[in-house]
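Right, one structure below, let's go through it.
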Amino acid sequence: MSQKISLTRHIIATGLLFFLAVAFISCEKYAYDPPKIDLTTPVSFKNEVFPIFNSNCKGCHSGGVLDFSSLTSTWSSINKTKYIVAGNPESSLIYTKLTSGSHESRCPVDDRNKIYSWITQGALNDNE
Ligand code: HEC
């Protein structure tokens, strides 16, 4: 009788371990899924990127080193290797800043992905 109980316990424990392992593996998979960003549709600085900065960032970044108050001030403040390495968003502070710390919540993920695509596509200024 007691052997039967321990067998049942054993089966339950094994099942629980299996369940946890599956849950863990699926979380890992989810965490390392690369972001699905559309890199092929051209992103416009003037019509798409500037409005993101102007509406989400101008409140705090206006008139200083980063000035998102106008199209031309936005371009002149971010058009520096410190902020943009054309073709390489992972090395561009203007993008990486938005993926960590206090700035993670400053702009919606879709907008952040647009900035990623725009930098990947060469960070071109279609206003000039
Ligand atoms: C609520 C205020 C606030 C908002 C909104 C805000 N920022 Fe900032 N940002 C700061 C402060 C304060 C710092 C300096 C401290 C730090 O680096 O976190 C900063 C720093 C930065 C830096 C680093 C500057 C440097 O030269 O090291 C970048 C890049 C930046 N912000 C981009 C943005 C962008 C892009 C947005 C909009 C999506 C934005 N910020 C929105 C307050 C803000």
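What the table shows:
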read-out	value
Probe 1.4 Å - accessible area at LEU17, Å² to nearest ten	120
Theoretical gain in end-to-end length, LEU124 to GLU90 [0.36 nm per residue, Cα-Cα removed]	10.6 nm
With Cα atoms, 0 to 90° folded angle of helix 2-31 axis to the chain main axis	10
Simple label model, 7 Å out from Cα along Cβ direction - LYS80 to ALA21, nm	5.4
Range in the chain, longest, excluding exposed trypsin sites (Lys or Arg not before Pro) [loop by DSSP; at most 13 other beta-carbon atoms within 10 Å]	83-128
Accessible surface ranking that places the most exposed of VAL85, VAL43, VAL22 first, with a 1.4 angstrom probe	VAL22, VAL85, VAL43
SER100/HIS10 FRET efficiency (R0 35 Å; Cβ-Cβ; nearest 0.05)	0.20
The chain - accessible surface per residue (Å², probe 1.4 Å)	68
Debye, to nearest 20: dipole size of the chain, +1 on Lys, Arg Cβ, -1 on Asp, Glu Cβ	500
Computed [θ] at 222 nm, helices only, for the chain once each DSSP H run of length n ≥ 4 contributes -39500 (n - 2.57)	-15000 deg cm²/dmol
Percent accessible area from carbon and sulfur atoms, the chain, protein chains only, probe 1.4 Å	61
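The values are calculated or read from the model by the stated rules, or taken from the named source; none is laboratory data. This is a predicted model, so every value here is computed, not measured. Please note: Cβ atoms are built from the backbone with ideal geometry, for glycine as well, and neighbour counts cover all protein chains shown. Calculation scope for accessible area: heavy atoms of the full protein, side chains included, ligands and nucleic acids excluded. Shrake-Rupley method; radii C 1.70, N 1.55, O 1.52, S 1.80 Å.
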